[in-house]
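Below: the structure, in structure tokens.
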Amino acid sequence: PTGLLEAFKEAIPAPEALRASGRGNSLLPYFAGFFSLFAVMTSFLGIALGLYDFLRDGLKIPKKGFGVLLLTGLVVIPSFLFSISFKRIFLLAIDSSGGFGDTILNGILPALIVWKGYYLLKHKSTISPLNRKAILTLILIISFVVIGIEINNLMINSY
């Protein structure tokens, strides 16, 4: 009843489950807590810095004075509110970012960029047009299949 699988189902942090299971005398719960903290912080910092610059560029907010406070608030406050409102939001975000984010960034967008370059902007290529269309179409089909699988997994394993 105090195992890691039960802790996952009940949204109990792993270090707390390790302490409750009687292994609290060892250093393992402390190392697990330390690792968890830095895993979450490095994920958040990378996304936060990217979002900070994205919002600064998109909203044309100056990176000095009140602009810094406004941008920091736009990045930190929604993240904080989501994290205290939904217990499993971080795990759900990590699960979803791999399937959706990687598929869009490394599958769909590059294929569409190449498609636009060859067929709309008329750039030259050494690949025959038949092979080019087949390859790009295959990449897009596989990408949309992966997104479909992710949507299906979210529906089946919804929290």
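The values are calculated or read from the model by the stated rules, or taken from the named source; none is laboratory data. Note that this is a predicted model, so its numbers are computed, not measured. Reconstructed Cβ throughout: ideal geometry from the backbone, glycine too, with neighbour counts over all protein chains shown. These accessible areas exclude ligands, DNA and RNA; they are computed on the full protein's heavy atoms, side chains included. Shrake-Rupley method; radii C 1.70, N 1.55, O 1.52, S 1.80 Å.
Summary table
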| quantity | calculated |
| --- | --- |
| Debye, to nearest 20: dipole size of the range 61-159, +1 on Lys, Arg Cβ, -1 on Asp, Glu Cβ | 460 debye |
| Residue of SER97, SER36, SER26 that the Gaussian network model of the chain assigns the largest fluctuation, springs spanning Cα pairs under 10 Å | SER26 |
| Residue-normalised accessible area of the range 1-155, expressed per residue, 1.4 Å probe, Å² | 73 Å² |
| Relative contact order %, the chain, counting alpha carbon pairs below 8 Å whose residues are six or more apart | 14 percent |
| The range 68-159: relative contact order as a whole-number percent, Cα under 8 Å and 6+ apart | 35 percent |
| Relative contact order computed over the range 1-70 (Cα-Cα under 8 Å; 6+ residues apart), in percent | 17 percent |
| Mean Kyte hydropathy of 1.0 or more with a Cα span along the axis of at least 30 Å, helices from DSSP in the chain | 28-59, 129-156 |
| Debye intensity ratio I(q)/I(0), log10, the range 31-159, q values 0.09, 0.15, 0.21, 0.23 Å⁻¹ (C-alpha model) | -0.44, -0.95, -1.17, -1.26 |
| Net dipole in debye of the range 1-140 [+1 Lys, Arg Cβ; -1 Asp, Glu Cβ; about Cα centre; nearest 20] | 660 debye |
| Net dipole in debye of the range 5-64 [+1 Lys, Arg Cβ; -1 Asp, Glu Cβ; about Cα centre; nearest 20] | 300 debye |
| Among LEU154, GLY99, PHE35 - extreme Cα towards positive end, dipole of the chain, charges at beta-carbon | GLY99 |
| For the range 77-152 and the range 42-58, distance of Cα centres in Å | 20 Å |
